[in-house]
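The values are calculated or read from the model by the stated rules, or taken from the named source; none is laboratory data. Predicted model, so just to flag it, every value in this text is computed and none were measured. As a convention, Cβ positions derive from the backbone with ideal geometry for all residues, glycine included, and neighbour counts pool all protein chains shown. Keep in mind that these areas ignore ligands, DNA and RNA; they rest on the heavy atoms of the full protein, side chains included. Shrake-Rupley method; radii C 1.70, N 1.55, O 1.52, S 1.80 Å.
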Amino acid sequence: QVQLVESGGGLVQAGGSLRLSCTASGRTLSSTEMGWFRQAPGKEREFVAGIRWTGAGTNYGDSAKGRFTLSRDTGKNTVYLQMNHLKPEDTAVYYCAATPWAHTYVPTTRQEYAYWGQGTQVTVAS
């Protein structure tokens, strides 16, 4: 069983920054892709960013490009999402996710991720 725990969410003003962390535990070889999704009330869960298990490749959703940066620390079993220039429309619950097996690309759909964290709330005030 793979367990994912997010942290770092909170309330920030528009234009501010937050860094989200996701730590994985359980029976894992740390050889899968990991990503972040977000879901606002009344909306579908949206892909934000993903990273290869090697850390060599990343993929960002359109809303995140140029503002968010995803990194991975394999030794700590942790991924980080640095979010800068936050906007009110970034307000959502952010979920960390992991794929059930390694890929040769960064998955971008929620169907490709099997393990999910509990979510952390990010609220951006105008």
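Distance in nm between label sites at LYS87 and SER25, each 7 Å beyond Cα in the beta-carbon direction?
In this crude spin-label approximation the distance works out to 3.7 nm.
Can you give me the solvent accessible area of LEU70 with a 1.4 Å probe, rounded to the nearest 10 Å²?
Spelled out: LEU70, probe radius 1.4 Å, area about 10 Å².
May I ask you to rank VAL2, VAL122 by accessible area, largest first, using a 1.4 Å probe over the protein chains only? List each step's numbers first, then the result.
Values: VAL2 25, VAL122 0 Å².
If we order VAL2, VAL122 from most to least accessible, we get VAL2, VAL122.
For the pair ALA102/THR54, report the inter-label distance in nm, with labels modelled 7 Å from Cα in the Cβ direction.
Placing both labels 7 Å beyond Cα along the Cβ direction yields 0.9 nm.
Using DSSP loop states and a limit of at most 13 other Cβ atoms within 10 Å to flag trypsin sites (Lys or Arg not before Pro), what is the longest stretch of the chain containing no flagged site?
On the way: sites that count: ARG27, LYS43, LYS65.
Here the longest run is 66-126.
Could I get the Rg over Rh figure for the chain? Both from C-alpha atoms, Rh via Kirkwood, rounded to two places. Don't jump to the answer; show the numbers that get you there.
Numbers: Rg = 13.5 Å, Rh = 14.3 Å.
In the chain, Rg relative to Rh is 0.94.
Would you mind counting up the charge near GLY61? Only other residues with Cβ under 10 Å from its Cβ, with Lys and Arg at +1 and Asp and Glu at -1.
Details: positive: ARG38, LYS65; negative: GLU46, ASP62.
That sum, taken over residues with Cβ under 10 Å, equals 0.
What three numbers, in Å, describe the spread of the alpha carbons of region 65-126 along their principal axes, ordered from the longest?
Between the extreme Cα coordinates on each principal axis of region 65-126 lie 40, 23, 21 Å.
Tell me, what is the percent relative contact order of region 37-119, built from C-alpha pairs under 8 Å that lie six or more residues apart? All intermediate terms of the calculation are to be shown ahead of the outcome.
Values: 122 pairs, mean separation 25.7, N = 83.
Relative contact order of region 37-119: 31 percent.
With every protein chain left in place, what is the accessible area of TYR115 in Å² (1.4 Å probe, nearest 10)?
Estimated to the nearest 10 Å², TYR115 gives 70 Å².
Note down the nm distance, to one decimal, between modelled labels 7 Å out along Cα→Cβ at SER63 and at LYS76.
2.6
Multiply the residue gap between GLN118 and SER17 by 0.36 nm, knock off their C-alpha separation, and tell me the result in nm, one decimal place. Before the final figure, lay out each step's value.
Details: separation 101, 0.36 × 101 = 36.36 nm, distance 2.15 nm.
Full extension from GLN118 to SER17 adds 34.2 nm.
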